[in-house]
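For reference, the structure is listed below as structure tokens.
The values are calculated or read from the model by the stated rules, or taken from the named source; none is laboratory data. None of the values given here were measured: they were computed from a predicted structure. The protein model used for the area step is the full one, side chains on, heavy atoms only, and it has no ligands, DNA or RNA in it. Shrake-Rupley method; radii C 1.70, N 1.55, O 1.52, S 1.80 Å.
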Amino acid sequence: MQKKVWYILGIVAACLWMPALLLSCVQWRVYDDLDYFAKEYAKYDVLTDVGMEMEELLYVTEEMMAYLKDERDTLQVTAVIDGREQPFFSEKEIRHMVDVKNLFLSGTQIRNGCALLAAALSILLLWRKQGRILLRSLQMGIGLFFAACMVFVGLMLTDFTKYFTQFHLLFFDNDDWILDARVDRLINIVPEGFFMDTALWIGGAFLVICVGLLAGAGLLLRKGRKGVTESLDEKNGSVELH
């Protein structure tokens, strides 16, 4: 019975590690890498759409990310657009970004909470010498979570626009996210292609991490089994010295 309890705790720990890692990939991609934004802006020719130089647009992006990280109180940024200095964001965009900021901050809290609880359970299992159960649970947890993610990715690839819209309907309780490219610059600097590229990058990074964890867990389990076998052979006197 006690072994089942350890397995349950191990699976809970593994399942908590997964959203912590996934949300870390999200924040790693969008929070601090201005080079990524510059490449995407160039790819989708957004400078032409908004009438700005790259340096000015990256400045706006940096300030926008600072706002989402709660490092500045207000979003509005003044930049040179079409040759004259003017506010970048419309009132509707500002209202929408308040909701986006709350979503980002909630994601950070969820990530931190999952990571802390997963770490505590993992330490408990290691302290009680249940490392093998932790590794096996990690394999099972990765398998379950990754399978669910693959279903989601499959749906996104079949009709990204449909599920991108469903995402907004699920997480936002107003229509401020429905922007007009003729008056709202935000939708021009981050078009749908930008979100698709970002989602694929995050999914790819998460896949690499999962594969690495699975490989590492499998290697440690095999090494552990080999150690147990060698120990038994020594006790039985079957170890040959060369």
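Details
- In this structure the amide hydrogen of residue 79, modeled in the peptide plane, comes within under 5 Å of the amide hydrogens of 86, 88, none closer than 5 places in sequence on its chain.
- Cα-based Kirkwood hydrodynamic radius, region 1-120, one decimal, Å: 16.8 Å
- By the equivalent-ellipsoid construction on the alpha carbon gyration tensor, region 31-77 comes out with semi-axes of 20, 12, 7 Å, ordered largest to smallest.
- For residue 179, distant residues with modelled amide H under 5 Å away: none
- Only lysine pairs 8 or more places apart, or on different chains, with alpha-carbon atoms under 27 angstrom apart are counted in the chain, and they number 25.
- Calculated P(r) of the chain - Cα pairs past 32 Å, %: 38 percent
- Pairwise Cα separations in region 56-135 fall into 5 Å bins from 0 onward with the following percentages, short to long: 3, 13, 16, 15, 10, 8, 7, 7, 7, 6, 4, 2, 1, 0.
- The residues of the chain have, on average, 60 Å² of accessible surface per residue, using a 1.4 Å probe with all protein chains present.
- Cα Rg over Rh - region 150-201, Kirkwood: 0.99
- Helices that extend 20 Å or more along their long axis by alpha-carbon positions and average at least 0.0 on the Kyte-Doolittle scale are, among the DSSP H runs of the chain, 2-30, 54-68, 91-127, 131-158, 192-235.
- Percent RCO, i.e. relative contact order, over the chain, from Cα pairs under 8 Å lying at least 6 residues apart: 30 percent
- Rolling a 1.4 angstrom probe over the chain with all protein chains present gives an accessible area of which 62% lies on carbon and sulfur atoms.
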